[in-house]
Amino acid sequence: MSKRFAPFVLVDDNVDQTLPPLVHALGADAVIGIDYPADFDSGSSSNTLGKIRRASVLLVDHNLMDTKRDHGPLEPLTGSGLLAALPGIAAGHNDSDPATQPFRLRADVIYSGKLDQLASVDLRPGVHSMAAPVLGREHVVARMNNVDWVLSKSRKDRPPPQEDLAVLSELAAAVATALRNRKIGTESPETALRKLMKLSLRGWGGRAVEQIEDMHPPLQAIASGDALAAIRWLLHIALPFPGCLHELRDVALALRLDPAWLRSNDKALLSLSGHIAAAAYSGALSAFQGKRWWKAGIDALIWEKTEGRFYDQPVLRSLAKSLTGDSDAKTIDLATPVLVVDEDFRRTDVVAELDKCVQVQPDDWPPSVEFPWIEIDRVQRSPRLLSLVVPKDSARVE
C-alpha cells in the first residue's frame, strides 16, 4: 500500500464519509483517503507522507477538529495549518526515510463543507463574519488562504462548471503537464508560459502574448523553475478575471449579444462556437472554470468579419445574427455597453450603459486587471460600495 500511486489524496477527520463522492467521480484507483490525525501517528506517518508526496492534487478538509478524536497540543486543527506544517512534519523523520524527500509539485485544495470560515474577516476565536460569499469567488478565497483552490463538499454550493467533482481531473492534468515540462527554468519564462497555455505565435498570437503580459504573470518564479506558480496564476488571475482570455459573456459583449440569451440558446451557442473555434483556449486548465477563448483571437475575427468596423454597432449586431444563425438573436442596443459585477464583485451576465456605471476597486481585485463596473444607482444605495469608487468617478456618485 505504501507504494500505491494515486493522483488525488484526501486528508479528512471523517474520511469514510467524505471519500465516497470523490471515488464515484474520479475512480476508486484515483483517490486515497488519509484519516486525520490517526494516520499521522508516529507509527504510520512515514507511509502517510509517502502517499502525500506522490499526489498530484492534495485535498484537505478545513475543519480538522472532530470532537471524537484526541489532538495533540501542537497538531494543526485546520487544513491550511496542516498544509503549512507538512514540510516540518516530513523534516522530523530520519534522512533515510523516503518521506523526507522534498514534496513534488502538486496542487493544494481546501475541500470543506464550511468554506465560509475561510472568508472570515473577524479574527475573534469562533466568530466567522463573512466578507462576501465564497460561491463564485473561489479564486479569491484560495488566494487569501495561500492554496491553489477551494472546493465545497456540497454540490449545491459549487458553481456550475464545478458541480461535478471530475473537474479536479483538469487540475491533476495541469500538474502532470507542468511535471513533464523539464525545460521550465531553463528556457525563457515567456516561452514556458506560452507552451503551458498552448499559444501559437502565428496570426494574432503576438497580440495575445501582449495581453498575457498585461496580466503580470509570475515570470520571475517561472524562470526559477516554479511551474506551480504558473498554474496558480491561471487559477487565481488569468481564468477568472477579464484580460487575455474571454468567458462566454465577454464574447457575447464583443458581438453585442445579450449574454444571458446566448447562454440559454443551445442552437445559437453551437453555431457561434463553430465560428470561433480557432480562438478557443486549449491550454492548461482549459475546462476547469468553463470554456474560454483568446481575446486576441475574438478581436481578430471581428475585425476581419466587419472589415475593420470594430465599433460599428449595427454591423456588430448583424455579424452576431450571422454567427449564431439566428435572425432573431437578442442583441444589445446600447451605445457603450459594459458588463457589471454584483455587490460582492462577482462577474455577471448583466449589461449596462457605461455612462450609468462607475468603476470600483475591491481589495481582492488584481491591480493588473481593469477595475470592474457597477451601476451608479446601486453604488449610491451602499456606503460600502461608495467607499470603493475609483477617484476619477467619485464626482459622479455624489
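Multiply the residue separation of residue 135 and residue 368 by 0.36 nm, subtract the distance between their alpha-carbon atoms, and state the gained length in nm to one decimal.
Details: separation 233, 0.36 × 233 = 83.88 nm, distance 2.31 nm.
Difference between extended and current length: 81.6 nm.
Using a cut-off of 11 Å between beta-carbons, work out the net charge of the residues near residue 280 (Lys and Arg +1, Asp and Glu -1, residue 280 not included). If you can, show how the numbers build up before the last one.
Values: positive: 198, 291, 292; negative: none.
Combined, the nearby Lys, Arg, Asp and Glu give +3.
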Report the calculated FRET efficiency for residue 397 and residue 65 (r = Cβ-Cβ distance, R0 = 25 Å), to the nearest 0.05.
0.05
Let's test the formula: R0 of 41 Å, r as the Cβ-Cβ distance of residue 16 and residue 220. What FRET efficiency results, to the nearest 0.05?
0.40
If packing is taken as the average number of other Cβ atoms within 10 Å across a peptide's residues, how do 259-267, 29-37 rank, most packed first?
29-37, 259-267
Match the structure shown to one of the listed values (1) 39; (2) 61; (3) 32 of percent of Cα pairs over 33 Å apart, computed from it, and give that label.
(1)
By its C-alpha gyration tensor, with a ≥ b ≥ c as the square roots of the eigenvalues, how is segment 181-238 shaped: rounded for a/c under 1.5, else prolate for a/b larger than b/c, else oblate?
oblate
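Restricting to the chain, compute how many DSSP beta bridges are antiparallel as a %, nearest 5. Could you put the intermediate results ahead of the total?
Values: 14 of 33 bridges.
Around 40 percent antiparallel, to the nearest 5.
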Under the rule rounded for a/c under 1.5, else prolate if a/b exceeds b/c, else oblate, using alpha carbon gyration tensor axes a ≥ b ≥ c, segment 229-298 is classed as prolate
Classify segment 337-397 from the C-alpha gyration tensor, please: rounded if a/c falls under 1.5, else prolate or oblate depending on whether a/b exceeds b/c.
rounded
What helix-only [θ] at 222 nm does the chain give? Using -39500 (n - 2.57) per DSSP H run of at least 4, over all residues, to the nearest 500, the answer is -9500 deg cm²/dmol
Using the beta-carbon distance between residue 180 and residue 342 and R0 = 30 Å, what value does 1/(1 + (r/R0)^6) give for FRET efficiency, to the nearest 0.05?
0.15
Would you mind pulling out the separation of the Cα centroids of segment 248-306 and segment 370-398, in Å?
30 Å
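Given the peptides 141-153, 191-203, arrange them by the average over their residues of other C-beta atoms within 10 Å, most packed first. List each step's numbers first, then the result.
Working: 141-153: 20.6, 191-203: 16.5.
Descending packing order for the listed peptides: 141-153, 191-203.
Figure the gain on full extension for residue 157 and residue 382 (residue separation times 0.36 nm, minus the Cα-Cα span) and round it to one decimal in nm. Show your work: numbers first, answer last.
On the way: separation 225, 0.36 × 225 = 81.00 nm, distance 2.62 nm.
Net length gain for the segment: 78.4 nm.
Bear in mind that the values in this text are calculations on the coordinates, not laboratory data. Since we're looking at a predicted model, the values are computed, not measured. Here the Cβ is made from the backbone with ideal geometry for all residues, glycine too, and neighbour counts use every protein chain on show.
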